[in-house]
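Everything on this sheet refers to the single structure shown next.
The numbers here are math on the coordinates, done by the rules we state, and not lab data. Just so we're clear, the structure is a prediction, and the values are computed from it rather than from any experiment. Note that each Cβ is placed from the backbone with ideal geometry, even for glycine, and that neighbours are counted across all protein chains shown.
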Amino acid sequence: MVETKYWFKPAEYRARLARVQEKLRARGLDALLAFQPETVTWVTGYFTRAYGTFQFAIIPAEGEPTLFCRDVEEYYLDSTCVFSDRVMWTDSDNRTAVAVQAITSRIGKASAIGVEMGSWVLNALRWEAIRTAMPNCMFSDETDLVAGMRLIKSDAEIAYQRVAARAAEAGMQAGLDAAGVGVSEREMAAEICAAMIRSGSDLPGPGVLSSGERAYHLHGGYSNRVLERGDIVQLEVTPNNHHYHARFMRPIRVAEAQDEDYRLAETLIEIQDRAIAEVAPGVPATVPDAIYRDGVLSAGLRETYTNKTFYSVGLILQPNGGEPLEAHPGAEWTFEEGMVFHTYVLARGFGMSETILVSKTGVERITTYPRRLLVTN
């Protein structure tokens, strides 16, 4: 008998399913085809590292869902999924034909079906083949249906993010301890990854790690470059626990820093403090977003400020880097209790960020590493 390894209590999954089904019925839909891996895991519990293969969940408006996946994943279905119905394909099968049969046998050949059309797993060829094989069904794009529900985290979800935050702090400290003149980015990354894994991260990261010229450009990864005296190292640690994320950035100067470096870090922290202080349930996203942009631009730290300032984080499976909720000047949403965000500010190669939880009255910083310019020995 396979030992179950549910990430959450079965009652939490059943409550999630009930919410999804209530929404389906309200929209006049018979079912949802959930192709996004995060949706499959969040609703059913099912998780495998091979989520990039052709798999999805058939979630009916009434009754229990059906999991569709490759047959070699049966162990992970048995150990992580709280629902028993499944259809599995083998490598020699016409998997699209098997998928269509699974869908029509569960919800009929003339149904109103919501589809997560924005999922990266559902490529154009697969979708066209499914749609063509089901000419009497009506399809609608419901990519945001479950994604919106996932924005408010339960206490159990936040607990995993707190573990990830501690792993992030261990990774940052390991990066600072490892960095120095003559040390390569690759050596730094190895120490960061080891520290985060030992502290509870499911994946190594490290996230953004770049020095020298590349420190001025977001999303640099580690390389063989060797650190030199006075270098800026842009470091963002991005661990996760049960694939629930927390992350933060700090700027590092190698061996020496100038007074202007400390002033820049202090200015960014002051701007960030003012922005975060405005976050509370019911506050429009544009309020703290404007504080970031106006603060950086009025201080003359950048000529333009085009990047987002907040984005939601929680259950995130690669290749996704964040949840869809983002703060920018055109954002039309408001903060709600239970949302978790990565919020960051960037200027002149320095990045300062935190993971925060929206509480009843304001915010709680989940990441608590010292907020300052870091300088190596």
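Can you give the FRET efficiency for D91 and R372, using 1/(1 + (r/R0)^6), R0 = 56 Å, r = Cβ-Cβ distance, to the nearest 0.05?
Efficiency computed from Cβ-Cβ geometry: 0.55.
Per the helix-only calculation at 222 nm, which mean residue ellipticity applies to the chain, given -39500 (n - 2.57) for every DSSP H run of n ≥ 4 and division by its residues, nearest 500 deg cm²/dmol? Spell out each step's value before the answer.
Working: 10 runs with 132 residues, N = 377.
Only helices count here, giving -11000 deg cm²/dmol.
Please report the antiparallel percentage of the DSSP beta bridges confined to the range 155-375, to the nearest 5.
Antiparallel bridges: around 95 percent, rounded to the nearest 5.
What Kirkwood hydrodynamic radius, in Å, does the chain give when the mean of 1/r is taken over all pairs of distinct Cα atoms and then inverted? Before the final figure, lay out the partial values.
Working: mean 1/r = 0.0449 Å⁻¹.
Kirkwood hydrodynamic radius for the chain: 22.3 Å.
Evaluate the charge dipole of the range 10-149 about its Cα centre and quote only its size in Debye, nearest 20, assuming +1 on the Cβ of each Lys and Arg and -1 on the Cβ of each Asp and Glu. Display every interim value, and only then the final one.
Numbers: 14 positive and 18 negative charges, 50 e Å.
It comes to approximately 240 debye.
Can you give me the distance in nm between label points at E364 and Y75, each placed 7 Å from the Cα along the Cα-to-Cβ direction?
Calculated label separation equals 3.7 nm.
Quick check: net charge around R86, other residues with Cβ under 15 Å of its Cβ, Lys/Arg +1 and Asp/Glu -1? Please report the intermediate quantities before stating the final value.
Details: positive: R70, R95, R106; negative: E64, D71, E73, E74, D78, D85, D93.
For residues surrounding R86, the net value is -4.
Using a ≥ b ≥ c from the Cα gyration tensor of the range 231-326 (square roots of the eigenvalues), is it rounded, prolate or oblate, where a/c under 1.5 gives rounded and otherwise the larger of a/b and b/c decides, a/b for prolate?
Details: a/c = 2.20, a/b = 1.21, b/c = 1.82.
Since a/c reaches 1.5 but b/c is at least a/b, the shape of the range 231-326 is classed as oblate.
Can you list the chymotrypsin sites (Phe, Trp or Tyr not before Pro) in the range 1-57 that are in a DSSP coil and have 14 or fewer other beta carbons within 10 angstrom? Please list the in-between numbers first.
On the way: sites: Y6, W7, F8, Y13, F35, W42, Y46, F47, Y51, F54, F56; in loops: Y6, W7, F8, F35, Y46, F47, Y51, F54.
Within the range 1-57, the qualifying chymotrypsin sites (Phe, Trp or Tyr not before Pro) (loop, at most 14 other Cβ atoms within 10 Å) are Y6.
Going by C-beta contacts inside 10 Å, put C81, C137 in order with the fewest on the left. Provide the component values of the computation, followed by the final result.
Numbers: C81 26, C137 20.
Ranked by crowding around the Cβ, least crowded first: C137, C81.
Hey, fewest Cβ within 10 Å first, where do D71, D289, D30 land in order? Could the numbers behind the result be given before it?
Numbers: D71 13, D289 23, D30 19.
If I rank by nearby Cβ atoms, fewest first, I get D71, D30, D289.
Note down the net charge around A178, summing +1 for each Lys or Arg and -1 for each Asp or Glu among other residues with Cβ under 11 Å from its Cβ. Don't jump to the answer; show the numbers that get you there.
On the way: positive: R186; negative: D177, E185, E187, E191.
So the environment of A178 carries a net charge of -3.
Magnitude of the Cβ-charge dipole of the range 202-346, K/R +1 and D/E -1, about the Cα centre, nearest 20 debye?
Details: 11 positive and 21 negative charges, 76 e Å.
Once rounded to the nearest 20, the dipole reads 360 debye.
Please report the net charge: other residues with Cβ closer than 9 Å to the Cβ of R250, K and R +1, D and E -1.
On the way: positive: R371, R372; negative: E236.
Combined, the nearby Lys, Arg, Asp and Glu give +1.
Placing +1 on the Cβ of each Lys and Arg and -1 on the Cβ of each Asp and Glu in the chain, which of M138, T104, V115 has its Cα farthest towards the positive end of the resulting dipole?
In the chain, that residue is T104.
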